[in-house]
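Structure, as structure tokens:
The values are calculated or read from the model by the stated rules, or taken from the named source; none is laboratory data. Not measured: the values here are computed from a predicted model. Glycine gets a Cβ as well: all are built from the backbone with ideal geometry, and neighbour counts include every protein chain shown. Surface accessibility is based on the protein's heavy atoms, side chains included, excluding ligands, DNA and RNA. Shrake-Rupley method; radii C 1.70, N 1.55, O 1.52, S 1.80 Å.
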Protein chains: 2
Amino acid sequence: MGYVASSAASGLATGRTRTIGVLAPYVSRWFFSRAIEGVDIELHAQNYNLMLINLGGYGTSRSRLFEHTMLRKQIDALVVLCLAMHPSELEHLHRVEIPLVSVGPVEGFHGVSIDDYEATQVATNYLIGLGHRRIAQLQGVEADEMNFEVPKLRNRAFEATMLAAGLELRPEWELVGDFTFASGVRAAAWLFESGTERPTAIFCASDEMALGVLAEARRRGIRVPEELSILGIDDHEFSAAAGLSTIWQDPVAQGQSAASMLLKRLDGDEAAIRTVTAPYTLLQRETTASPRRSR
Amino acid sequence: MGYVASSAASGLATGRTRTIGVLAPYVSRWFFSRAIEGVDIELHAQNYNLMLINLGGYGTSRSRLFEHTMLRKQIDALVVLCLAMHPSELEHLHRVEIPLVSVGPVEGFHGVSIDDYEATQVATNYLIGLGHRRIAQLQGVEADEMNFEVPKLRNRAFEATMLAAGLELRPEWELVGDFTFASGVRAAAWLFESGTERPTAIFCASDEMALGVLAEARRRGIRVPEELSILGIDDHEFSAAAGLSTIWQDPVAQGQSAASMLLKRLDGDEAAIRTVTAPYTLLQRETTASPRRSR
DNA sequence: CTGTTAGCGCCTTCAG
DNA sequence: CTGAAGGCGCTAACAG
């Protein structure tokens, strides 16, 4: 007859809230919003609620979050979307007794994530295999507050792979962005105007940046891939339609998988939580080709 | 000493949860994720929690949501992100006794939103004022489940404005997309290949679609704006860097404002909730120009 | 197997 | 102004 139990009362009586928290550094960036969606799909299916806990850039004291929402028993478990934390915060999370799983690499916790190092190796070797020798990198750097593991891994993997192939890392081809489209545009504009010898390919640490580079190249009439190959990583929703070659990964599935482990754990399966390596695939589309074509 | 109250207990005792629900049709589309971010900023500042209630496309029964989460007193108030609902759902929302505010137009409720009709008029008149006579429209249509007001408003405003200016609406220039980048690419490809006379300008009902049209035009070497002007609406985060002319609006601020009204209302201000018209502005960037330039 | 009762932990009220 | 007690609505354990 339209009656529904009060969750506060049942929560008080049982100690369980049927709510899972999602700790996210951003809500509106591609990877994060997709991962949230994935978590939501799973929770939805099992009648759990999703509490969004945004550590977002708007200068709020993160500490309050950690002390308040978490421990207040408002959530039965927590999904942490890849972000690196201060040791004190990590300690806090360890102290909290609720099950925890990360999406993306988070030191010291189980989680689901692709092998970013390996994926970047594959990307770099693909470019090298195509015959490129003059390869630039557009790496991503986060505001230190949200200091992720991912950019570091991708950067290290790129450089190691280049060196292993005996190729040089020219300083003027080491571009830096912040994972946004705009920073890709800026980096490309700088590269095209700097008067330095142009690379034949550029590896970008995210599709958003790669799309920026592509847009700027096209705007200037630079032919892609004839004059410049562009390779991204992530497979952003714009990438297929833009023809961007990239390394695909599926954050929705990753979020779903993380939530699923948590739910199983809450159902009593002690062994449910483990570290899962998510798949990735190189997608050759239209922005990469052998440099020979250019002559 | 590290003690924090149990929210279930205090919620039970007081009847208030310090949690606000956000009902969203999508999480990872630009407008929605930004609006969620805006709501979050405000809630964060006032120590409220945010419960994400996604009506997402993954075929879950919406009804359960309405009956469960809402009435379960898990939330003190609700933000509805623009989505049209079945009359039964609307009725449900009216029945729920908690304060409710929408972001974007939702029939029968107070909310904050731009005047989509007027904004589209401004956009269309801007193109006309530039001297364009052959103007195409790429309208957005949603899967009916999520049948919004916005696409209809924008479509009607475009057509009315064209007619008022004595311009014709050629059927082959009435393109349809689904608000995604990919649909913009597809529509543009169709237009360029169809062999019909090409319009000198195209108005797109969202920036995501406009960016798709722009990418496809540039890919084919069609000069923008010399041969084709492209105008969007929204000011997506990629737009500035891509040079896309558009109508700017700020969903973050809209979400923030909605949350703020709700919070005031919960603080006892009976008159806090009203309908607010959000600002918009025409941004002339590089994708629009007078058609004369083309000769 | 069904019906009853004692808390869950906090807030608020009322008495001291 | 400080302190004790009842009850918010449910669940789980226990008794019948």
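Just name the residue that is least open to solvent (accessible area, probe 1.4 Å) out of those in the range A:100-142 that are touching a helix residue (DSSP H, G or I) at 6+ places or on another chain (Cβ under 8 Å), under 20 Å from residue A:282 (Cβ atoms) and charged (D, E, K, R).
So, considering only residues that are touching a helix residue (DSSP H, G or I) at 6+ places or on another chain (Cβ under 8 Å), under 20 Å from residue A:282 (Cβ atoms) and charged (D, E, K, R), the one least open to solvent (accessible area, probe 1.4 Å) is A:116.
Can you confirm whether residue B:240 is closer than 24 Å to residue B:142 by Cα and touching a residue at least 24 places away in the same chain (Cβ under 8 Å)?
no
Just one of (1) within 16 Å of DNA strand C (Cβ to nearest atom); (2) under 20 Å from the mean Cα position of the chain (by Cα) trips up residue A:39, so point out which.
(1)
Kindly provide the set of residues from the range A:31-43 that are touching a strand residue (DSSP E or B) at 6+ places or on another chain (Cβ under 8 Å) and either part of a loop (DSSP other than H, G, I, E, B) or open to solvent by 20 Å² or more (accessible area, probe 1.4 Å) (or both), ordered by number.
A:31, A:37
List pairs: first residue in the range B:47-63 and under 15 Å from residue A:27 (Cα atoms) and facing chain A (nearest Cβ under 7 Å), second residue at pLDDT 85 or above and assigned to a helix (DSSP H, G or I) anywhere in the structure, Cβ distance under 6 angstrom, at least six positions apart or on different chains.
From residues that are under 15 Å from residue A:27 (Cα atoms) and facing chain A (nearest Cβ under 7 Å), the pairs are B:50/B:40; B:50/B:43; B:54/A:40.
For the range A:1-16, give me each residue that is surrounded by fewer than 10 Cβ atoms within 10 Å (Cβ to Cβ) and near DNA strand D (Cβ under 8 Å from one of its atoms).
Across the range A:1-16, the qualifying residue is only A:3.
Among the residues of the range A:124-137, is any within 14 Å of chain B (Cβ to nearest Cβ) and either part of a helix (DSSP H, G or I) or at pLDDT below 95 (or both)?
no
Please give the number of the condition residue B:269 fails out of (1) in the same structural domain as residue B:76 (by TED's automatic domain parsing); (2) open to solvent by 50 Å² or more (accessible area, probe 1.4 Å); (3) assigned to a helix (DSSP H, G or I).
(3)
Provide a single number: the residues in the range B:244-269 that are at pLDDT below 95 and within 14 Å of chain A (Cβ to nearest Cβ).
The qualifying residues number 0.
Go through the range A:272-292 and give me each residue that's under 30 Å from residue B:242 (Cα atoms), open to solvent by 60 Å² or more (accessible area, probe 1.4 Å) and assigned to a loop (DSSP other than H, G, I, E, B).
Within the range A:272-292, A:284, A:285, A:286 qualify.
Find all pairs meeting these conditions: Cβ atoms under 7 angstrom apart; at least six residues apart or on different chains; first residue within the range B:245-264 and within 21 Å of residue B:16 (Cβ to Cβ); second residue aliphatic (A, V, I, L, M) and in a helix (DSSP H, G or I).
Cβ pairs passing all conditions: B:258/B:39; B:259/B:39; B:259/B:43.
Please determine whether any residue of the range A:57-71 is assigned to a helix (DSSP H, G or I), surrounded by fewer than 20 Cβ atoms within 10 Å (Cβ to Cβ) and at pLDDT 85 or above.
Within the range A:57-71, not a single residue is assigned to a helix (DSSP H, G or I), surrounded by fewer than 20 Cβ atoms within 10 Å (Cβ to Cβ) and at pLDDT 85 or above.
Any idea how many residues of the range A:1-27 are hydroxyl-bearing (Ser, Thr, Tyr), at pLDDT below 90 and away from DNA strand C (no atom under 16 Å from the Cβ)?
Going through the range A:1-27 one residue at a time, the tally reaches 2.
List the residue pairs whose Cβ atoms are under 7 Å apart, where the first residue sits in the range B:1-26 and is more than 26 Å from residue B:257 (Cβ to Cβ), the second is outside any loop (DSSP other than H, G, I, E, B) and near DNA strand D (Cβ under 9 Å from one of its atoms), and the two are 6 or more positions apart or on different chains.
Listed by first residue and then by second, the contacts come to B:8/A:8; B:8/A:11; B:8/A:12; B:9/A:12; B:11/A:8; B:12/A:8; B:12/A:9; B:12/A:12.
Limited to the range A:17-27, what total is found for residues that are among the hydroxyl-bearing types (Ser, Thr, Tyr) and crowded, with 24+ Cβ neighbours inside 10 Å?
Residues in the range A:17-27 being among the hydroxyl-bearing types (Ser, Thr, Tyr) and crowded, with 24+ Cβ neighbours inside 10 Å: 1 in total.
So residue B:181 ticks every box in (1) within 25 Å of residue B:276 (Cβ to Cβ); (2) in contact with an Asp or Glu (Cβ under 6 Å, 6 or more places away or on another chain) but one. Which box is left unticked?
Failed condition: (1).
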